[in-house]
Structure formats: C-alpha cells, structure tokens
Amino acid sequence: EAQVTQNPRYLITVTGKKLTVTCSQNMNHEYMSWYRQDPGLGLRQIYYSMNVEVTDKGDVPEGYKVSRKEKRNFPLILESPSPNQTSLYFCASRGQGAYSYEQYFGPGTRLTVT
Amino acid sequence: GNSVTQMEGPVTLSEEAFLTINCTYTATGYPSLFWYVQYPGEGLQLLLKATKADDKGSNKGFEATYRKETTSFHLEKGSVQVSDSAVYFCALNPGGYQKVTFGIGTKLQVIP
C-alpha cells in the first residue's frame, strides 16, 4: 500500500529539548516536504527536498532543520523547540516533474511545546 | 507569486443540501488544480483534480470544473451527507520543481 508514515503521532515536550519527527514514504518519490497547519493560517510549507541531499527552505523555515540522506526518509528536526512551534505537522511526497501529480500526506504529528 | 483563495468557513449545511465551496487562484502558466479533503484526525487526501482548462474532476459525488477565464475551481456536491463533514483544501501545482500552493481550507459541517 502506497503511504507516507510519520512518527510520533503525538508529542508533548518542553522548551529547548531537541526532537526529531520522522517521515518515510514507500512510493520512490523524489519530492518530499514538511508543512505545519495552524488555525486561520492553513498549510504552510517549512522545508522541501527535490531529491537525496537536495533540500531548500519553504515559507516558514525558522527554527527547523531537515536532512535527506535516503530517498524514502525526510526527518524534521527541532533543535531548540519553542512554544510558537506548537502545531500540527504533515509530511508529504509526490513524483517529480509532471504537474498533474498529487501529493500524498502522512497522518500528521501533533506537537505541543510547553 | 501563486495564490489560492477560498473561504475559511465554517460552512454549516443540513443533510441533503447543495454544497458549493468557492476557490479562485492566481498563477502564471497552466497549473493543475486539486481539491484535498481532511477528515478529523487525519492527513489530507486527494478528492479530485483537473489538469487543463475546462476539465471536470469528480469523485464521491463531488465535482469541480477548471475555469481559466474566471480562474476558478469551485467544489460542488448535489446532496451532502454527515460523513462529508471535513476540511476542504483547494490547491494548485504549477509543475516541475515549484511548490504546491494551498488555500486556507474550508471547514464543512453537515448536520442531520
């Protein structure tokens, strides 16, 4: 089954404690991205990756890091989380090139930073 | 840059009512257009898409037509059900290496 998986689904942490949210896809997609979803703001892209070792900033990259060492994995790293990073996070992937390709989304990670 | 405009809602309808959620876009070239649906506690999933002007996407009783002259992609359903309660996102994909642009999402609540 084609899918994007994220872990953990729920996370409560404290300010400054480094954390990593994992993302993995099994569709051999080149393009992967991270979004955060906040009330009244919709989906905002944090980072994206066009292929292994190729990453770039999205609209709201401050306070986040990513890496793409393998095609299937695209972890999101918060080195020093702050309360304003409390949000619902989604990982997504899609095929490259063809503009008709849909995005596949993970189930989401709800992060609370106290 | 590209943009997608849709009302945030919430939109509250009675079961079997007619649904329209408006979506307009700004983009250069000829993007593909999508509607995604997010059920409570889940990620987004593709509802329907259209890849060129005058195309009609349809799925699960929902329809949307790609209107280039009015830069619109309005979502419609003739008779909504309680199970249609969700958040609906309009999106455009310019293609290639460019990012997908999402609307703010419209929350739909259908009451029995």
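The values are calculated or read from the model by the stated rules, or taken from the named source; none is laboratory data. Quantities reported herein were computed from a predicted structural model and do not represent experimental measurements. Positions of Cβ are backbone-derived with ideal geometry, glycine not excepted, and every protein chain shown enters the neighbour counts. Only protein heavy atoms, including side chains, enter the accessible area calculation; ligands, DNA and RNA are left aside. Shrake-Rupley method; radii C 1.70, N 1.55, O 1.52, S 1.80 Å.
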Looking at B:87, B:37, which one is β-branched (Val, Ile, Thr) and open to solvent by less than 10 Å² (accessible area, probe 1.4 Å)? B:37
Among (1) under 22 Å from residue B:103 (Cβ atoms); (2) in contact with a Cys (Cβ under 7 Å, 6 or more places away or on another chain), where does residue A:45 come up short? (2)
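Conditions tested, residue by residue: (1) touching a Cys at 6+ places or on another chain (Cβ under 7 Å); (2) surrounded by fewer than 17 Cβ atoms within 10 Å (Cβ to Cβ).
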{"site": "A:59", "(1), (2)": "no, yes"}
{"site": "A:64", "(1), (2)": "no, no"}
{"site": "A:74", "(1), (2)": "yes, no"}
{"site": "A:79", "(1), (2)": "no, yes"}
{"site": "A:93", "(1), (2)": "no, no"}
{"site": "A:110", "(1), (2)": "no, yes"}
{"site": "A:113", "(1), (2)": "no, no"}
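Tell me which residues, restricted to region A:29-45, are within 11 Å of chain B (Cβ to nearest Cβ) and within 24 Å of residue A:3 (Cβ to Cβ). If you could, list the steps in order and put the result at the bottom.
So in region A:29-45, the residues within 11 Å of chain B (Cβ to nearest Cβ) come out as A:30-31, A:33, A:35, A:37-45.
Passing the criteria: A:30, A:31, A:33, A:35, A:37, A:42, A:43, A:44, A:45.
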What's the number of the only condition in (1) under 27 Å from residue B:30 (Cβ atoms); (2) open to solvent by 50 Å² or more (accessible area, probe 1.4 Å); (3) under 13 Å from the mean Cα position of the chain (by Cα) that residue A:101 fails to meet? (3)
Determine, yes or no, whether residue A:48 is open to solvent by 30 Å² or more (accessible area, probe 1.4 Å) and within 10 Å of the chain's Cα centre (by Cα). yes
Looking at (1) closer than 22 Å to residue B:3 by Cα; (2) within 10 Å of another protein chain (Cβ to nearest Cβ); (3) assigned to a strand (DSSP E or B), which one does residue A:6 not meet, given that it meets all the others? (1)
Selection from region A:18-40 of residues closer than 22 Å to residue A:68 by Cα, open to solvent by 60 Å² or more (accessible area, probe 1.4 Å) and out of contact with any Pro (no Cβ under 6 Å at 6 or more places or on another chain) yields A:18, A:26, A:28
